[in-house]
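Peer 1: Structure in structure tokens, see below.
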Amino acid sequence: MARRPLIAGNWKMHFTAAEAAQLASSIARGCRNMGDREVMIAPPYTAMAAVAAAVQDSPVLVAGQNVCWEKEGAFTGEISPVMLKDAGASMVILGHSERRHIFGENDALVNRRVKGALLHDLVPVLCVGETLEERDAGQTFAVLENQMKAGLADVGAEEAGRLVIAYEPVWAIGTGRTATREQAQDAHFFLRGMLAGLYEKKLADTVRILYGGSVKPDNIDSLMAEPDIDGALVGGAALKSESFLRIVQYTA
Ligand code: 13P
């Protein structure tokens, strides 16, 4: 089953609007002929409109780094799906480990966000992943199972088919300690099996599962050679066009 690879950059809390637009322009220039793969960048909210303008004549997609489930209302500090789309986003990262571990977002909250994004036609990139303690305690698959079941609660098959999943082991994020290709493949295989169980195999075969956690120009090729790794969610190495474009131009 052919899944179109997706290379995604999560810019986290970096860049003013002008800096972001400049980086987005150079990424857009480097992505002119990307026929077989998709490229996504997730700038901070304040830079989103500038980034969307900078990539508008390119295939580069723009994503939010989080989103509320409501269209509008008394939700101080939140951004609505309508606002994200208005600023140029078509996708949104949800349940990122920094949201979960620094800001205390739990699975129930992530699930509300996933459903809100889907309702408003934003493609959610649902992030799951275990901590080092959980991995060392042999709980990796149990943690992933809980995060998937809770994160996708009440999400129907038709909507689930539009999702992207990102496996981001917490111990690999920003640490320079990438999961081995075997560790990543094992987790991705497990996650695809979960999708088959929650929905059906046909759907599981079409959903893209990205790997995130210290993805760099020198490890992307081997990661992408694994059968269940359909792309990458890149943090640090997405902050410079040279390294991000090298990752986009992986050869598996
Ligand atoms: P790093 O690539 O910096 O490890 O970050 C990964 C990440 O959290 C992407 O969402």
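The values are calculated or read from the model by the stated rules, or taken from the named source; none is laboratory data. Every value quoted in this text rests on a predicted model; they were computed, and no experiment measured them. Note that each Cβ is placed from the backbone with ideal geometry, even for glycine, and that neighbours are counted across all protein chains shown. In case anyone asks, the SASA skips ligands and DNA or RNA and just uses the protein heavy atoms, side chains included. Shrake-Rupley method; radii C 1.70, N 1.55, O 1.52, S 1.80 Å.
Peer 1: Residues that are surrounded by fewer than 23 Cβ atoms within 10 Å (Cβ to Cβ), touching a strand residue (DSSP E or B) at 6+ places or on another chain (Cβ under 8 Å) and closer than 18 Å to Gly212 by Cβ: does segment 63-83 have at least one?
Peer 2: yes
Peer 1: Based on this model, can you work out whether Leu94 counts as without any contact (Cβ under 8 Å) to a residue 60 or more places away in the chain, among the aliphatic types (A, V, I, L, M), closer than 20 Å to Glu72 by Cβ and open to solvent by 30 Å² or more (accessible area, probe 1.4 Å)? Walk me through how you get there before you give the answer.
Peer 2: Working: without any contact (Cβ under 8 Å) to a residue 60 or more places away in the chain: yes; among the aliphatic types (A, V, I, L, M): yes; closer than 20 Å to Glu72 by Cβ: yes; open to solvent by 30 Å² or more (accessible area, probe 1.4 Å): no.
Criteria not met by Leu94.
Peer 1: Could I ask something else about it? Would you say Ser243 is part of a helix (DSSP H, G or I) and more than 15 Å from Gln183 (Cβ to Cβ)? Step through it out loud before you land on a result.
Peer 2: Numbers: part of a helix (DSSP H, G or I): yes; more than 15 Å from Gln183 (Cβ to Cβ): yes.
For Ser243, the condition - part of a helix (DSSP H, G or I) and more than 15 Å from Gln183 (Cβ to Cβ) - is met.
Peer 1: Check off (1) in contact (Cβ under 8 Å) with a residue 40 or more places away in the chain; (2) under 27 Å from Val170 (Cα atoms); (3) open to solvent by 70 Å² or more (accessible area, probe 1.4 Å) for Asp136 and give me the number that stays unchecked.
Peer 2: For Asp136, the failing item is (1).
Peer 1: Oh, and also: For segment 162-206, which positions are away from the ligand (no atom under 16 Å from the Cβ), more than 19 Å from Arg113 (Cβ to Cβ) and either small (Gly, Ala, Ser) or not in a helix (DSSP H, G or I) (or both)?
Peer 2: Gly193, Ala196, Gly197, Tyr199, Glu200, Ala204, Asp205, Thr206
Peer 1: Looking at segment 215-237, which of the residues that are touching a helix residue (DSSP H, G or I) at 6+ places or on another chain (Cβ under 6 Å) and part of a helix (DSSP H, G or I) is surrounded by the most Cβ atoms within 10 Å (Cβ to Cβ)?
Peer 2: Here the answer is Ile220.
Peer 1: Among the residues in segment 148-161, are any surrounded by fewer than 21 Cβ atoms within 10 Å (Cβ to Cβ), more than 29 Å from Ile79 (Cα to Cα) and either of a type in the set (Asp, Glu) or away from the ligand (no atom under 16 Å from the Cβ) (or both)?
Peer 2: no
Peer 1: Might you check whether a residue that is assigned to a loop (DSSP other than H, G, I, E, B) and either within 14 Å of the ligand (Cβ to nearest atom) or open to solvent by less than 10 Å² (accessible area, probe 1.4 Å) (or both) occurs anywhere in segment 111-123?
Peer 2: Within segment 111-123, the first condition is being assigned to a loop (DSSP other than H, G, I, E, B), and the residues that meet it are 120-122.
Okay, now just the ones that are also either within 14 Å of the ligand (Cβ to nearest atom) or open to solvent by less than 10 Å² (accessible area, probe 1.4 Å) (or both), so 122.
Yes.
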